[in-house]
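Quick notes on the structure that follows.
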Amino acid sequence: MGRPTLYEAAGGAPAMSALAADFHQRCLAHPGLSHPFERDIDPAHVAHLAAYWGEVFGGPDDYSRTRGGHGAMIRVHANQCDEDPFAGAFVECFDAAVAATLPDDPELRAVLGDYIRAATAEVVSYMPLAAAGPGEPPMPRWSWAGRHGLDASVSTGEPDTRTP
Ligand code: HEM
């Protein structure tokens, strides 16, 4: 039998929901992050986040089917501000949410730590007011070896695949 996906090792859909809910509470409580969440947030935000991460970590493609995929997620954040005051706090909240809600597995935590740093760098790269849009990039897929590239090879850490 092959190794489970990160999604399965984390605990599947219930674990993604717990991770997203815990993470969102931490964002709301974080002095450096509460500002962007002060506006009216979609009541389904936590469910969207759970579906997105589930798909990235090897679960079902619900986010792509229902929300428009990776490009749609990037566009929610794009062209918001030239200065990025958010990335460090975002990563901090994710790491803490992983520790609070997912299995105590050092390898799982390490790869999720690499993931959130790469993903946050990618999202932040689209935040400047004049940044070009993402186009329709494929959903990033992460496994134990890091991010799967478009050619099915695996790389770690780099926020690659910006579509021109
Ligand atoms: C870097 C700092 C970030 C900030 C300040 C931020 C903030 C936000 C805000 C305010 C929303 C809108 C919520 C709503 O109105 O429904 C949102 C949506 C979302 N964010 Fe972020 N975000 C950040 C980074 C990221 C990253 C790195 C990811 C994933 C890798 C991510 C995933 C999502 C998803 C999946 C949604 C829901 C989009 C949808 O409605 O389908 N965010 N974010």
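Would you be able to say whether some residue in region 142-161 is out of contact with any Asp or Glu (no Cβ under 7 Å at 6 or more places or on another chain), closer than 24 Å to H24 by Cβ, at pLDDT 95 or above and open to solvent by less than 70 Å² (accessible area, probe 1.4 Å)? Within region 142-161 (the criterion being out of contact with any Asp or Glu (no Cβ under 7 Å at 6 or more places or on another chain), closer than 24 Å to H24 by Cβ, at pLDDT 95 or above and open to solvent by less than 70 Å² (accessible area, probe 1.4 Å)), the answer is yes, since at least one residue qualifies.
Looking across region 29-44, the residues that are more than 7 Å from the ligand (Cβ to nearest atom) and open to solvent by less than 100 Å² (accessible area, probe 1.4 Å) come down to A29, H30, G32, S34, A44. When the helices (runs of 4 or more DSSP H) confined to region 56-109 are screened for residues that are open to solvent by less than 50 Å² (accessible area, probe 1.4 Å) and out of contact with any Phe, Trp or Tyr (no Cβ under 8 Å at 6 or more places or on another chain), those reaching at least 2 such residues are found at 69-77, 87-101. In region 74-86, what residues are without any contact (Cβ under 8 Å) to a residue 24 or more places away in the chain and within 8 Å of the ligand (Cβ to nearest atom)? Within region 74-86, just V76 meets the criteria.
Pairs are defined by a Cβ separation below 8 Å, a sequence spacing of at least 6 or placement on different chains, a first member in region 1-29 that is basic (K, R), and a second member that is buried (at least 21 other Cβ atoms within 10 Å of the Cβ) and in a helix (DSSP H, G or I); the pairs so defined are R26/C93; R26/A97.
Being within 15 Å of the chain's Cα centre (by Cα) and either modelled with pLDDT of 95 or more or part of a loop (DSSP other than H, G, I, E, B) (or both): is that true of G133 here? Spelling it out, it is not the case that G133 is within 15 Å of the chain's Cα centre (by Cα) and either modelled with pLDDT of 95 or more or part of a loop (DSSP other than H, G, I, E, B) (or both). Of note, F23 does not satisfy the criterion of being over 14 Å from the mean Cα position of the chain (by Cα) and aromatic (F, W, Y).
Condition test on D40, is it of a type in the set (D, E, K, R) and either touching a residue at least 12 places away in the same chain (Cβ under 8 Å) or within 19 Å of L6 (Cα to Cα) (or both)? So D40 fails the test.
Number of residues in region 87-137 that are more than 24 Å from A15 (Cα to Cα), of a type outside the set (A, V, I, L, M, F, W, C) and more than 12 Å from the ligand (Cβ to nearest atom) equals 6.
The values are calculated or read from the model by the stated rules, or taken from the named source; none is laboratory data. Note that the structure is predicted; figures quoted are calculated from it, not measured. Note that each Cβ is placed from the backbone with ideal geometry, even for glycine, and that neighbours are counted across all protein chains shown. Calculation scope for accessible area: heavy atoms of the full protein, side chains included, ligands and nucleic acids excluded. Shrake-Rupley method; radii C 1.70, N 1.55, O 1.52, S 1.80 Å.
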